[in-house]
Amino acid sequence: MQLGLPFGEAGARAPVVDDALAPPTAGAIAPIYFVRHRRARRYLLRVEYDGRVRVTIPRGGSRREADAFAQRHVEWVLRQRAVLSRSRFSADDRRRLRAQAQAELPKRLRELADTHGLSVTRVSIRNQRTRWGSCGRDGHVCLNWRLVAMPQWVRDYVIIHELMHLKRLDHSAAYWRLVAAACPRYRDARQWLRAHGPELR
């Protein structure tokens, strides 16, 4: 869940959290924190899954403008938090889906790995709060159990996304070309995740 305001050119540094930023106008959208990122091309506003608001400041951006950007979107923030506050799954649903994930996701991942000539060392099913999956340099892939609540084609995109990290452990243009070749509908899947992913948290 993210909004952006175009700004400037991309840089090359990692993001830096600015803990000193605690704007007095935060008001209804507190808690809020700010991150400076030289690679960011615009101001970005994101509601984390714990309800915190993250504002990314691009190279050359200012604290004042970042704060103003956040304040202009208070209603959007409140809407996103309302979505996050609704729990879609009961305790029984979660137990059932986690069992289903353990049975289905490792098998599907290995099928797709074989299709693309890739080798996976280990597959883990986890209760990740901020990501759908991850891939380590050692070939260990972790998947979020909530993938089984998604359409099959979206689930496959997430799995392919992680598998392609076995070829490139980054998100460069070359990496996304690998994803596009393996999953031509990946943009549609990403759009589905942006629209419906928060409902599954």
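The values are calculated or read from the model by the stated rules, or taken from the named source; none is laboratory data. Here the structure is a predicted model, which means the values were calculated and not measured. We place every Cβ from the backbone using ideal geometry, glycine too, and count neighbours over all the protein chains shown.
Counting only helices (runs of 4 or more DSSP H) that fall entirely inside the range 152-201 and contain at least 1 residues that are closer than 26 Å to residue 80 by Cα and at pLDDT below 95, the qualifying elements are 186-196. Here residue 146 qualifies as surrounded by 14 or more Cβ atoms within 10 Å (Cβ to Cβ) and either in a helix (DSSP H, G or I) or not aliphatic (A, V, I, L, M) (or both). Contact map, the range 118-143: first residue not assigned by TED's automatic domain parsing to the domain that holds residue 164 and at pLDDT 95 or above, second residue part of a strand (DSSP E or B) and of a type in the set (D, E, K, R), Cβ cut-off under 8 Å, separation 6 or more or different chains; the map is empty.
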